[in-house]
Amino acid sequence: MHKTHNIIIGTAGHVDHGKTNLIQALTGIDTDRLAEEKKRGITIELGFAWLDLPDGSRAGIVDVPGHERFIANMLAGAGGIDLALLIIAADEGVMPQTVEHLHILSLLGIDRGIVVITKCDLVDEEWLMLVKEDVAEFLKGTFLENAPIHAVSSHTGMGIDELRQEIARMAAKIPNKRSDGTFRLSADRVFTMEGFGTVVTGTLIDGDLALGSEVMIYPAGTPARVRGIQVHSQPAEEAHPGQRVAVNLAGIKKSEISRGDILAPAGSLSRSMMLDVRLSVLADSPFEIKNGSRVHFYQGARTALCKVILLDRESLPPGQTAYAQLRFEEEVSLKPGDRFVVRFYSPLLTIGGGLVLDPDPRKHKRNDPAVIEGLEIRESGTLAERLSRILEEQSGAFLPLDRYALRLGAPAAKLRQTAGKLGETGELTDIGGNIWLHKSYVALIEGRLRALLDAFHKENPLKGGMRREELRARLLPTAPMAAADALLETFLKRGCIKTSDGLLALDSFEVQFSAEQSALTGKIEAIYREAGASPPATDELLQSFGKDKVKEATRVLSALITSGTLVRLDTQITMHRDTVAAAEAFVRESVQDGGEITLGAFRDRMGTSRKFAIALLELFDRNRITKKVGDVRVSYR
């Protein structure tokens, strides 16, 4: 992990309360760069500056607009803030955007801040004391209730040094952001620079971004490459979490990326039209959220329209929280744990926000207790509990375990380790191919398997079992063939079913013969035992019993093959198991210790024809006892 202490400081507060002037007084940087901003004297777009701290690190500063019309720009800059400066002008006190900005900071989970009362040179001491009392009352019950309050004047310099020292003290207490190697940057500005091409800026939320990195633009899925990096306007080889970054991208046009898009490694984010969330409505919101309401959604620098589906109620009043599914009109790419804000569709007013629980869910049925229980586990359960639950819900999809990494917000390696531990307790079953199934699903399929085979055995008492292809199609019609076969192999290993001659049967099943069938069984077995390695063709044998008994003889022959008494070599060649065992013993003895055997020698030893000798040797090849090398057979191993 890098040693630099990277934090982002963000301003918040009503329009014309002196945010930009304060930043200039603290840093010497004027963050209003647009001509219109200069002309109108208000911040419209996000502004950026930096402040050098005593420990040698450099804090990024995001200056956000205060005007109600530019609240979307404020939201774009609020994501990633570690330390908020809530700015209130001494001559006006708390105003509407002061309230809304404080709500937004709270909804985004920001929990550290300093209250700055600006323009103190415009009021007398008595008025300033009244403003401080009003502000303290206003902040009760919020994350800034016990925050330090500093009175300053950007015009005279009053209190600026003390505020700078306070910022340094609080910044030193903020833990470094963890870097797990997966970078993520939300683009809050996109522009073209002559001679360089497309440039995006934003706060690096996660991971380390290095020069030359291949990136994906989400949610579009467009690839690009990092041609250049600047951190606080200085060229850099890499950027770290918590830094303000400008990234020059190669291989992408400005028209292919928009504000709110995410830069991240390919495969590190999902693309979805839905999110499962915990949604809260502000206690002082003038509106409730009704099921089906359309709202404006803000996360990072992204703005989108979505419909709110309340999963267990018809409406969500002010001050309450519920689980919901947000269904969007365009794709979004988020991670579990991301925070967001929602504003009413009309009038445009901040009414709430929440936490992303599942960034790529299935569509849920409303008023289903199992759905609510699953979301409770998704929100507060351990990784083991969350993995178990998602597999309980979706084992039938037969997805590789790594496919759940994005939805659970955990590295694939960690998921595999967790699945292994759950496998040891019997909670999950590994069927290979990195596919794990929940015990409830395995039990469900085993029950269906037993019922299918039981019904089949009752209808076909002389058949040794059901063909694998038929059983697979009836038991798991929509599952991938390889996964379905792997699950059947699991049941074979557990001993609940058995196989013979390609047929599958319940382990307890035995062919039941009538007296007539038993007599036929004895005759057919005797014929093959006596014939040895030169058996009659299957069709000839069956016809020898006469037309009226061909059908019954066919059933008996099939049952003898299934039971293992007879061994089918091909459609017309079947031998007694004792003959095959004797041939196998001879072959094993011949090829042991580097030995070999020719077709002629084997044929002579078995006293049979070339055709039957080849059929036996090919059986041993298939069973990996021997392998053919030129004109001889040697040991497979």
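Annotation: average projected area of the chain is 40.0 square nanometres, based on the convex hull of Cα atoms across all directions. Counted residue by residue at 0.36 nm each, then reduced by the alpha carbon distance between them, the extension gain from residue 174 to residue 250 reaches 23.9 nm. Given the options 412, 248, 504, identify the residue whose Cα lies farthest towards the positive end of the charge dipole of the chain (+1 on Cβ of Lys, Arg; -1 on Cβ of Asp, Glu). The residue sitting most towards the positive pole is 504. Assign one of three labels to segment 237-395, namely rounded, prolate or oblate, based on the Cα gyration tensor with a ≥ b ≥ c the square roots of its eigenvalues; rounded applies when a/c is under 1.5, prolate when it is not and a/b is larger than b/c, and oblate otherwise. It comes out oblate by the Cα gyration axes.
Between 0 and 90 degrees, the angle of helix 383-394 with respect to the longest Cα principal axis of the chain falls at about 60 degrees.
Using the Cβ-Cβ distance between residue 194 and residue 305 with R0 = 41 Å, the FRET efficiency computed as 1/(1 + (r/R0)^6) comes to roughly 0.70. When +1 charges are put on Lys and Arg Cβ atoms and -1 charges on Asp and Glu Cβ atoms, the dipole computed for the chain relative to its Cα centre reaches about 2620 debye. Averaged over its residues, the chain has an accessible area of 45 Å² per residue, based on protein heavy atoms and a 1.4 Å probe.
The simple Förster model, with R0 at 51 Å and r as the Cβ-Cβ distance, assigns residue 458 and residue 434 a FRET efficiency of 0.85. Scan around residue 434 for amide H atoms under 5 Å from its own, H built in the peptide plane at 1.01 Å from N, and keep only partners 5 or more places away or cross-chain. Excluding prolines and chain starts, which carry no amide H, there are no hits.
Here the contact order of the chain, divided by its residue count and restricted to Cα pairs under 8 Å and six or more residues apart, works out to 7 percent. Dipole of the chain computed with +1 at Lys/Arg Cβ and -1 at Asp/Glu Cβ about the Cα centre; of 546, 192, 8, farthest Cα towards the positive end is 546. Annotation: residue 612 carries an accessible surface of approximately 20 Å², with a 1.4 Å probe and no ligand, DNA or RNA atoms counted. All other residues whose Cβ lies under 10 angstrom from that of residue 270 are scored, Lys and Arg at +1 and Asp and Glu at -1, for a net of +1. For residue 305, the shell of other residues with beta-carbons less than 12 Å away shows a net charge of +3, using +1 for Lys and Arg and -1 for Asp and Glu. Per-residue extension of 0.36 nm, minus the Cα-Cα distance of residue 91 and residue 578, leaves a gain of 164.8 nm for this segment. Overall, the anisotropy analysis places segment 517-572 in the rounded class: the square-rooted eigenvalues a ≥ b ≥ c of its C-alpha gyration tensor yield a/c less than 1.5. Looking at the square roots a ≥ b ≥ c of the eigenvalues of the Cα gyration tensor of segment 493-637, which shape do they give, rounded for a/c under 1.5, prolate if a/b is larger than b/c, or oblate? Verdict is oblate for segment 493-637.
Of 19, 414, the residue with the largest accessible area leads and the full order is 414, 19 (1.4 Å probe). Ordering 602, 105, 221 by the projection of their Cα atoms onto the charge dipole of the chain, which places +1 on the Cβ of Lys and Arg and -1 on the Cβ of Asp and Glu, puts 602 at the extreme positive end. Ellipticity at 222 nm from helices only: DSSP H runs of n ≥ 4 in the chain, each -39500 (n - 2.57), divided by the residue count, give -10500 deg cm²/dmol. Using the Cβ of residue 438 as centre and a radius below 14 Å, the other residues enclosed give a net charge of -3, where K and R count +1 and D and E count -1.
For the chain, what % of the accessible area comes from carbon and sulfur atoms, probe 1.4 Å? Heavy-atom surface of the chain belonging to carbon and sulfur, 1.4 Å probe: 49 percent. Taking one quarter of the surface of the C-alpha convex hull of segment 220-280 gives a mean projected area of 6.1 nm². Here the convex hull built on the C-alpha positions of segment 565-635 has a volume of 81 cubic angstrom per residue. Of the peptides 468-481, 321-334, 284-297, the order by per-residue mean of other Cβ atoms within 10 Å, starting with the highest, comes out as 321-334, 284-297, 468-481.
The values are calculated or read from the model by the stated rules, or taken from the named source; none is laboratory data. Computed from a prediction, not measured in an experiment: that's the story for all the values here. A quick note on method: Cβ atoms are made from the backbone with ideal geometry, for glycine too, and the neighbour counts reach across all protein chains shown. Side chains included, ligands, DNA and RNA excluded: accessible areas come from the protein's heavy atoms. Shrake-Rupley method; radii C 1.70, N 1.55, O 1.52, S 1.80 Å.
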